[in-house]
Amino acid sequence: MYDFAIIWWWAAGLFASISAPKEMKKIVLEKTKSMWTKVLLSGWERANLTNIDIEATRDYFGQNRKAMISILKRFSQYDTISLFEEAWIRTHEEDRWRIILESGNSKELLDILMKKSKANNTELKTNFEVKSLKKIDDYFEIVRLSWEKIKAKKVLVRAGGKSFSQVWTTGDWYNIAQSFWLKLAHPYRSLSAFATKKDLSSISWVSTNLSMTLFDKTTSKEIYSEFWPILFTHFGLSGPIIFNASTVLWEYLNKTFQDRESLKDEDFEKYIIESIAVKLNFDLENTPKRRLQFFELNPDNLEISLDLQNWRSWKEAKATWWGILLNELDNNLQAKNVEGLYFAWEVLDLTGKTGWFNLQLAWSTGYIVGTNV
């Protein structure tokens, strides 16, 4: 019998194992064979850590984004940096206030976290794909696909969303949440590129600094705007500000349709095709002639509008927008109706902008669960 079991290690799960009391007998159940493969595919390849410039209600989204104020007060980006610097690991600030390890070595980052986890009385079990989770009296029974069983007094579910299947995220925790009668937000892909109706293939794979505005043609409402490079691709638009815009768009559409009793993906996609567009305002001096010619721009006309087709596929999305509604959980991220069952990171109805805001969400929620189990 374990005191604390963590389903999927990754950032939040690993951090929870480090933060939990040492006297607790802990186990991390990892679905894959190798931690290293997941690190490389998930964006940690350059020892990504956090972002120094975080505002809770500006940089995160969800039905109760104000909860991020409390979450960050309990473990902030400054706490993340301090934890590594106390271990004599130096950090470095990059563009857009992103923080990485000075060495840029992701193996160093992984080794630090793994050593801290093992030193804190944590056992790691790989190739453990969870088939089911149920509570029996005062403990949980975790059943492996091969029918092996693990018993634990408390459990953290940190399994991934539906996006980014390259790291074996299938959204299987959804069935676990439903089995405990927890309410979830409607799932959709987040931090995603946009497909456009206009064919941009002849100028693809070149980025341009410009001002972007996402707007609703039906209501003439501006949804989101940001200035930074945009990447033109064979399918449409990509790059950090497009990823951010896709997240804001999902929140906007969710509010637009919130009075409907049932929703299908087709409802959102139809509205995007009919009503959503992107305005791009170019800088004449910094825009290559090829792009000026392609969009037929001149000093008196530097703005264009592109109609959207849809988000790109689940496989390409960097995150999943969905999760357990925060009013289903207490302040320590424990299910109100199931004592000893905790959730963190992508499992929550919270998502951040691109720029390693979601990594900070992982550290913060993992710390909160670990220090309160």
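The values are calculated or read from the model by the stated rules, or taken from the named source; none is laboratory data. On a predicted model such as this, the values are computed, not experimentally measured, just so you know. Cβ: placed from backbone, ideal geometry, glycine included. Neighbour counts: every protein chain shown.
Condition check ((1) within 30 Å of Lys135 (Cβ to Cβ); (2) modelled with pLDDT of 90 or more) across all residues:
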{"position": "Phe15", "(1), (2)": "yes, yes"}
{"position": "Ser19", "(1), (2)": "yes, yes"}
{"position": "Thr37", "(1), (2)": "no, no"}
{"position": "Arg46", "(1), (2)": "no, no"}
{"position": "Leu72", "(1), (2)": "no, yes"}
{"position": "Ser76", "(1), (2)": "no, yes"}
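Yes or no: region 190-204 includes at least one residue that is out of contact with any Leu (no Cβ under 6 Å at 6 or more places or on another chain) and of a type in the set (Val, Ile, Thr). Yes: region 190-204 contains one or more residues that are out of contact with any Leu (no Cβ under 6 Å at 6 or more places or on another chain) and of a type in the set (Val, Ile, Thr). Asn331 versus (1) at pLDDT 85 or above; (2) part of a strand (DSSP E or B): which is the lone unmet condition? It fails just one condition, (2).
The residue of region 90-112 that is surrounded by the most Cβ atoms within 10 Å (Cβ to Cβ), among those that are of a type in the set (Val, Ile, Thr) and under 21 Å from Gly355 (Cβ atoms), is Ile99.
From the list Val338, Val347, the lone residue that is assigned by TED's automatic domain parsing to the domain that holds His92 and surrounded by fewer than 19 Cβ atoms within 10 Å (Cβ to Cβ) is Val338. Please verify whether region 291-301 includes one or more residues that are modelled with pLDDT of 90 or more, buried (at least 17 other Cβ atoms within 10 Å of the Cβ) and assigned to a loop (DSSP other than H, G, I, E, B). The answer is yes; a qualifying residue exists.
Just one residue in the set Pro187, Pro229 is at pLDDT below 90, of a type outside the set (Phe, Trp, Tyr) and under 21 Å from Thr365 (Cα atoms); that residue is Pro187.
The set of residues from region 133-149 being within 19 Å of Thr32 (Cβ to Cβ) and either surrounded by 15 or more Cβ atoms within 10 Å (Cβ to Cβ) or in contact (Cβ under 8 Å) with a residue 40 or more places away in the chain (or both) comprises Leu133, Ile142, Arg144.
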